[in-house]
Amino acid sequence: MSQRISGRINGGGKRRRTPSRRRRVTTVAAWSVAGLILVGGSGLGYVYAKLDGNLKGIDINAQLGGDRPADADNGSQDILVLGSDSRAGANARYGQDGGGARSDTAMVVHVYKGHKKASVVSVPRDTLIDRPACTDADGKTVPGQREAMFNTAYEVGGPACAVKTVESMSGIRMDHYIEVDFTGFKKLVTQLGGVKITTTRAIDDPDSHLKLAPGTHTLDGEQALGLVRTRHGVGDGSDLGRIQLQQAFVKALMDQVRNVGVFSNPKKLYDLANTATTAVTPDSQLDSVDKLVGFAGGLKDLGPHDVQMVTMPVRYDPNDPNRVLPLDAASQRVWSALRADRPVPASAVKNSAGDKGSASQVVKER
């Protein structure tokens, strides 16, 4: 069995201290995968080999090289979570790719020292940034580009390029990378028994196959996927409204994962763990059940109110209403706070287009 993970994604730098068993990680992938694996690992050791075989890790260390932000040896953790919009395989029903896969959803998760609190910073996919040169999975150099959409980093260079771009923007070294796929996400939500949300107004978006009246709903996998992908049914139709729905759903999912009863039903437990381990692609430091158990210890004690969720400060591009531009000074205040292991100050996102979005109250927190 693989040895438990004790460090970060690194390119030759020093490693952080071994994280405590009571680690709190607050991402869609970690909550829905690592938490369930933690439970499964304690009672169903005989399925380890099968679940290990489901996990296909990506070794991005060599691709990242040594030109990276310094390793902050303060006990905190930083994880890049991407939801890929690839339409390959079982995802083909959601449309055709206009090119390669792109990062449909991007969240930088910062778990503070002591692992009792966390901040999640959503990065709008349509943000125009200066993408750094990077190395793809085949060892080829991908040239950088000025004013490129953020989500093209994944498209042209894969996970390593996405990590490189986030590190270049934030000045923060990522500990881990987790990628979530459409079909696996949908199956996982359905197997959890759905996720309960309350909408304050109607949502009707034919593009994401979602139609909800105002009120309380228990979303199945198909509806949950529609909610986190919709952009035309809420707000101003931009990615910023979709991000606000994603953030609200993450907290609702946390509640569901914490409250689902799996201890008394081994088959349900196995089915959840089996789906969870096929729904994600982690970095190679999290590519076994044993490593995920070490990564997620104590996860179930973290509640949605322990998580601060913000969107990277941006403004609409005056030349293209479908694009946004970083508010440089405000964005750096966000990243500086995380580098210093402090909460993001509310004033840093106060004047951001993402903070003013009209979709922020569409899903009411419980």
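The values are calculated or read from the model by the stated rules, or taken from the named source; none is laboratory data. Computed from a predicted structure; not experimentally measured. Heavy atoms of the whole protein, side chains included, go into the accessibility calculation; ligands, DNA and RNA do not. Shrake-Rupley method; radii C 1.70, N 1.55, O 1.52, S 1.80 Å.
Give the aspartates and glutamates reachable from Lys50 as a straight Cα distance under 16 Å; neighbours fewer than 8 places away on the same chain don't count.
Here the aspartates and glutamates satisfying the reach criterion relative to Lys50 are Asp271, Asp287, Asp290.
Using the Karplus curve 6.51 cos²θ - 1.76 cosθ + 1.60 with θ = phi - 60°, work out ³J(HN,Hα) for each residue of region 117-131 in order, rounded to whole Hz, and write x for Gly and Pro.
9, 8, 10, 10, 10, 7, 10, x, 5, 8, 5, 8, 9, 8, 7
What's the extension gain from Thr218 to Gln361 if we count 0.36 nm per residue and subtract their Cα-Cα distance?
Here the segment from Thr218 to Gln361 would lengthen by 49.7 nm.
Using protein chains only and a probe of 1.4 angstrom, how many square angstrom of His209 are accessible, to the nearest 10?
110 Å²
Among Lys268, Lys186, Lys56, what's the order by accessible area (1.4 angstrom probe), most exposed first?
Largest accessible area first, the residues go Lys56, Lys268, Lys186.
Heavy atoms only, 1.4 Å probe, whole protein assembly: order Lys116, Lys50, Lys164 by accessible area, highest first.
Lys116, Lys50, Lys164
What full-extension length gain, to one decimal in nm, is calculated for Lys140 and Asp204 as 0.36 nm per residue of separation minus the Cα-Cα distance?
Gain in length upon complete extension: 18.7 nm.
Determine which lysines satisfy two conditions relative to Lys117: a Cα distance under 22 Å, and not lying fewer than 8 residues away in the same chain.
Straight-distance partners of Lys117: Lys251, Lys291, Lys300, Lys350, Lys364.
Top to bottom by accessible area (1.4 Å), largest first, where do Met169, Met174 land?
Heavy-atom accessible area, descending, gives Met169, Met174.
Please compute the per residue accessible area over region 188-264 with all protein chains in place, 1.4 Å probe, rounded to a whole number of Å².
Computed with neighbouring chains in place, this is 39 Å² per residue.
Considering amide H positions built from the backbone, and no H for Pro or chain starts, which residues 5 or more places from Leu327, or on another chain, come under 5 Å of its amide H?
Residues meeting the criterion, in which the H sits 1.01 Å from N, are Val314, Arg315.
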